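For reference, the structure discussed in these notes is given below.
Each value in this text was obtained by applying a stated rule to the coordinates, not by laboratory testing. Predicted model, so just to flag it, every value in this text is computed and none were measured. Cβ placement follows ideal geometry from the backbone for every residue including glycine, while neighbour counts extend to all protein chains displayed.
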Amino acid sequence: MIDARYIVENTLVPHTAFEKAVSRLEQCYNYACGASEPICVAILGESRTGKSRALEECSTKHPQIRNEDGLTVPILRVKTPSKPTVKSLAELMLKAMKDPKFDSGTENAKTNRLQILMQSSGTKMVMLDEFQHFYDMGSHKIMHHVADWLKILVDDCHVALVVAGLEKCSVVINQNEQLAGRFLSPIIMPRFKWENVEHREEFIGILGAFQDSIGSTFDIPDFDSADMAFRFYCGTGGLVGYLSKFLRQLVLNAIDNNRRSISIEDLAFAHMESVWSKDSLSDISSPFSRDFMCVPTTALLDKIATIGVPVEPFEPPRKRKAKAISSSSRHVLSAS
């Protein structure tokens with residue numbers, strides 16, 4: 001029997017872009033060993049479009065296995081640290097390889113140990129999530145030293161490389177000539193757009209999958225009806241990650257309150273708890289309120305498209321420094 005708490009996580013979601021991404025990753029994995037040079041590919045997209053989930057899906061198919069011959073790590077998957085250095089990234093990778101002394105040794109020693117472990121563990125692919133951290137937004141600098149180290153690592157170990165992150169990842173790749181020459185065309189994970197008929201139908205299909213899974217345990221409204229689907233779209237901005245987070249909160253609320261029936265008011269409350277709203281959406285009523293107008297106007301869709309987009313930090317205007325008055329100028333002023 002499926003635990004109701006994990007209904008959302010265990011729901012198989014029909015998502016074309018996601019399935020294509022997983023298929024391409026699987027292809028890179030299968031042909032990694034015979035390639036004349038490392039196969040490299042990037043998964044790019046906004047936050048909450050399913051990039052990390054695609055990495056997880058592929059790595060789950062090729063899990064780490066420990067037997068009498070030792071540990072086998074077909075896919076080495078780590079999350080890029082903020083402001084990565086060779087030392088910090090090597091430590092994370094060694095830790096993922098179950099090295100008990102992952103934090104000891106010099107940069108070169110860690111690199112050598114990592115190469116030996118990858119080769120002895122049969123590693124065929126390296127996955128780096130949050131690859132945009134290779135680009136420092138504050139200083140607008142690229143971590144070239146770490147990028148060069150990564151290129152040499154995959155070259156020497158003859159493994160495929162997959163990086164995933166925001167679209168600014170392309171800056172890191174494009175400004176490193178040797179990296180750029182190795183990367184295939186990127187895998188794009190888009191947000192769904194209501195005005196795109198194919199996107200709309202697929203989004204409604206995803207809601208239908210959740211309807212079947214959640215509806216098997218709870219009495220719920222028709223998620224994939226025309227009006228309700230538009231409400232869900234307006235509540236999540238067409239981002240699958242936000243939809244999953246929202247529905248997870250909805251289910252947990254129902255469990256905690258010992259309810260088997262979920263109303264539109266419950267949807268409104270769970271949405272308020274789970275999806276961050278912006279000032280730009282303050283003049284729009286909750287998509288799950290009774291008085292919400294389910295009319296896809298251009299103005300409404302433009303505002304909904306800002307869900308999940310980071311707000312630019314406010315920088316107050318700098319004060320202009322007063323110019324120093326020269327001694328000759330002081331003489332003129334005092335004379336007057």
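Of Lys83/Lys168; Lys20/Lys61; Lys87/Lys168; Lys61/Lys124; Lys51/Lys79; Lys51/Lys193, which sit over 21 Å apart, Cα to Cα?
Beyond 21 Å: Lys87/Lys168.
For the stretch 254-309 and the stretch 14-74, compute the distance between their C-alpha centroids and round to whole Å.
Using only Cα atoms to place each centre, the spacing works out to 34 Å.
What is the local net charge at Arg113, summed over the other residues whose Cβ is closer than 9 Å to its Cβ (Lys, Arg +1; Asp, Glu -1)?
Cβ neighbours under 9 Å give a net charge of +1.
Want the number for Asn112 to Cys294: 0.36 nm per residue separation, take away the alpha-carbon distance, what's left?
Values: separation 182, 0.36 × 182 = 65.52 nm, distance 5.95 nm.
In short, 59.6 nm is gained.
Apply the Debye scattering formula to the chain, with a single equal point scatterer on each alpha-carbon and no solvent, then give log10 I(q)/I(0) at q = 0.07, 0.09, 0.14 Å⁻¹.
Relative scattering, expressed as log10 I(q)/I(0), comes to -0.40, -0.62, -1.14.
So for the pair Thr306, Thr16, with labels modelled 7 Å out along Cα→Cβ, what separation do we get in nm?
3.0 nm
Mind sorting Leu252, Leu161 by how few other Cβ atoms lie within 10 Å of their own Cβ, fewest first?
Sorted ascending by nearby Cβ count, the order is Leu252, Leu161.
What's the exposure ranking of Cys294, Cys157, Cys33, going from fewest to most Cβ atoms within 10 Å?
Cys33, Cys294, Cys157
Based only on other Cβ atoms within 10 Å, what is the fewest-to-most ordering of Thr123, Thr16?
Listed from fewest to most nearby Cβ atoms, that is Thr16, Thr123.
Sorted from largest down, give the three principal axis spans of the alpha carbons of the stretch 197-304, whole angstrom values.
39, 30, 24
List the trypsin sites (Lys or Arg not before Pro) in the stretch 212-267 that DSSP assigns to loop (not H, G, I, E or B) and whose Cβ has at most 13 other Cβ atoms within 10 Å. Which are they? Kindly include the intermediate steps, with their values, before the conclusion.
Values: sites: Arg231, Lys245, Arg248, Arg259, Arg260; in loops: Arg259, Arg260.
Those that pass, being in a loop and sparsely packed, are Arg259, Arg260.
Just how many % of Cα pairs in the stretch 4-189 lie over 30 Å apart, if you round to the nearest whole percent?
Value for the stretch 4-189: 17 percent of Cα pairs lie more than 30 Å apart.
Name all residues of the stretch 47-90 having a backbone nitrogen under 18 Å from the label point set 7 Å from the Cα of Asp103 along its Cα→Cβ direction, giving them as ranges.
79-90
Find which of Ile304, Phe218, Trp149 sits farthest along the positive direction of the dipole of the chain, computed with +1 on the beta-carbon of Lys and Arg, -1 on that of Asp and Glu, about the Cα centre.
Trp149
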